[in-house]
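The values are calculated or read from the model by the stated rules, or taken from the named source; none is laboratory data. Treat the numbers as computed from the prediction; the structure is a model and nothing was measured. In this analysis, Cβ positions are derived from the backbone assuming ideal geometry, glycine residues included, and neighbour counts consider all displayed protein chains. Side chains included, ligands, DNA and RNA excluded: accessible areas come from the protein's heavy atoms. Shrake-Rupley method; radii C 1.70, N 1.55, O 1.52, S 1.80 Å.
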Amino acid sequence: MNKVKFGKKIVEIKTKKELVKSLFNKVSNQYDLMNDLMSFGLHRLWKKDLIQNIDNSKPSVILDLAGGTGDISERLYKKFKKSTIIIYDLSYEMIKKAKYRFKNKNIFCINGSAELMALPNNCIDLITLSFGLRNFSDIDTSIQECYRVLKYGGKIYCLEFSPSYSKSIKPSYDFYSNKIIPKIGKLIAKNENAYQYLTDSIHNFYHNPELKNIFNKNGFFCYTEKKYLGGIAILNVFSKV
Ligand SMILES: C[S@@+](CC[C@H](N)C(=O)[O-])C[C@H]1O[C@@H](n2cnc3c(N)ncnc32)[C@H](O)[C@@H]1O
C-alpha cells in the first residue's frame, strides 16, 4: 500500500485525501480571513504577481486547480474576461464559497479530485495551482492528470510554500510557523490541528529542485522559478512539452 506524508504523519493515500477534505471543509468559513492574518496580506501580493506573470496569449479554457474559495479565479476573471474558467476542488465547502462568489459569472465549479479529473484530454490552455499541490494525496498522479488535460505548449503556474527558504530567515520563520500560526488557528478558526498541519505540510514538502524533477519526469519543462520572501513561497511555471 502506498503511503504519503500528511503533515508529520505517514498515512495511506486514501486516508490523506479524506483528512485533507475534512480539514478544508472545517476551515472553509475562516479560510480567507486566516490567509490574510497569517501572511499579513502577503498572499494577495503573491497571487497578484502570479496573475501578472501569465502572458496575454488569451487562453480560452483555464483550470484553477485546487481553486478553493476562488481567490485566483477572481483575479483570472478580471484579466481574461472572455475565457472559460473552471475551478476544481476536493472540498465541497470550499468550492461552495467560490460558487456563491461567482453566481453570475462564466466560472464553473467542479467538486472533485486532482488525481482523477473529469475533463477530456488536451482541453485546457492554462492551469493555475495556488497553494494546492502539497495537500494532494498523490502528487505524481495529479501532475500526470495535469499533463493529460493540458494542451501541448500549455502552462501550469504553480505557487506553493516551500521548505527551501533562506537560512537568514529560518529562526524567525520557524518560530512564527511552529509557535504562532497554530495559535492563530486556534483563536480564529477554532482549529489548532488544521493550522499545525499547514505548518507541518510546508516543512515536509519537497525542496524546489526535487519538485521540479517530479514535473520534469512527468513531461513538463520548467522555465521560470520566482521566489518570494527568501523562498517562503515559490512560483514555478511549467509547460507541457
Ligand atoms: C490552501 S487551499 C488553496 C486555495 C486557493 N487555491 C488559494 O490559493 O487560496 C488548498 C485547496 O486544495 C484543495 N485540495 C486538496 N487536495 C485536493 C485534491 N486532491 N484535489 C483537488 N483539490 C484539493 C483543498 O480542498 C483546498 O481548497
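Quick one: how many residues across region 215-228 are modelled with pLDDT under 95 and open to solvent by 80 Å² or more (accessible area, probe 1.4 Å)?
Summing the residues that are modelled with pLDDT under 95 and open to solvent by 80 Å² or more (accessible area, probe 1.4 Å) in region 215-228 gives 1.
When you look at Asp174, is it within 16 Å of the ligand (Cβ to nearest atom), acidic (Asp, Glu) and either part of a helix (DSSP H, G or I) or open to solvent by 30 Å² or more (accessible area, probe 1.4 Å) (or both), yes or no? If you could, list the steps in order and put the result at the bottom.
Working: within 16 Å of the ligand (Cβ to nearest atom): no; acidic (Asp, Glu): yes; either part of a helix (DSSP H, G or I) or open to solvent by 30 Å² or more (accessible area, probe 1.4 Å) (or both): yes.
No: the conditions fail for Asp174.
I'm trying to understand the selection: among the residues of region 72-84, which are within 11 Å of the ligand (Cβ to nearest atom) and surrounded by fewer than 23 Cβ atoms within 10 Å (Cβ to Cβ)?
Those that are within 11 Å of the ligand (Cβ to nearest atom) and surrounded by fewer than 23 Cβ atoms within 10 Å (Cβ to Cβ): Glu74, Arg75.
Report whether or not Lys14 is surrounded by fewer than 20 Cβ atoms within 10 Å (Cβ to Cβ) and assigned to a helix (DSSP H, G or I).
Details: surrounded by fewer than 20 Cβ atoms within 10 Å (Cβ to Cβ): yes; assigned to a helix (DSSP H, G or I): yes.
When the stated conditions are applied, Lys14 passes them.
Within region 40-62, which residues are within 11 Å of the ligand (Cβ to nearest atom) and touching a strand residue (DSSP E or B) at 6+ places or on another chain (Cβ under 9 Å)?
Within region 40-62, the first condition is being within 11 Å of the ligand (Cβ to nearest atom), and the residues that meet it are 43-44, 46-47, 50.
Listed by number, the residues that qualify are His43, Trp46, Lys47, Leu50.
Any residue that is within 11 Å of the ligand (Cβ to nearest atom), modelled with pLDDT of 95 or more, touching a Cys at 6+ places or on another chain (Cβ under 9 Å) and not charged (D, E, K, R) - is there at least one of those in region 18-30?
So far as region 18-30 goes, no, none of its residues is within 11 Å of the ligand (Cβ to nearest atom), modelled with pLDDT of 95 or more, touching a Cys at 6+ places or on another chain (Cβ under 9 Å) and not charged (D, E, K, R).
Yes or no: region 155-168 includes at least one residue that is more than 14 Å from the chain's Cα centre (by Cα) and part of a strand (DSSP E or B).
Start the filter on region 155-168 by keeping residues that are more than 14 Å from the chain's Cα centre (by Cα), which leaves 155, 163-168.
Checking the rest, the ones that are also part of a strand (DSSP E or B) come to 155.
Looking for residues that are more than 14 Å from the chain's Cα centre (by Cα) and part of a strand (DSSP E or B), one finds at least one in region 155-168, hence yes.
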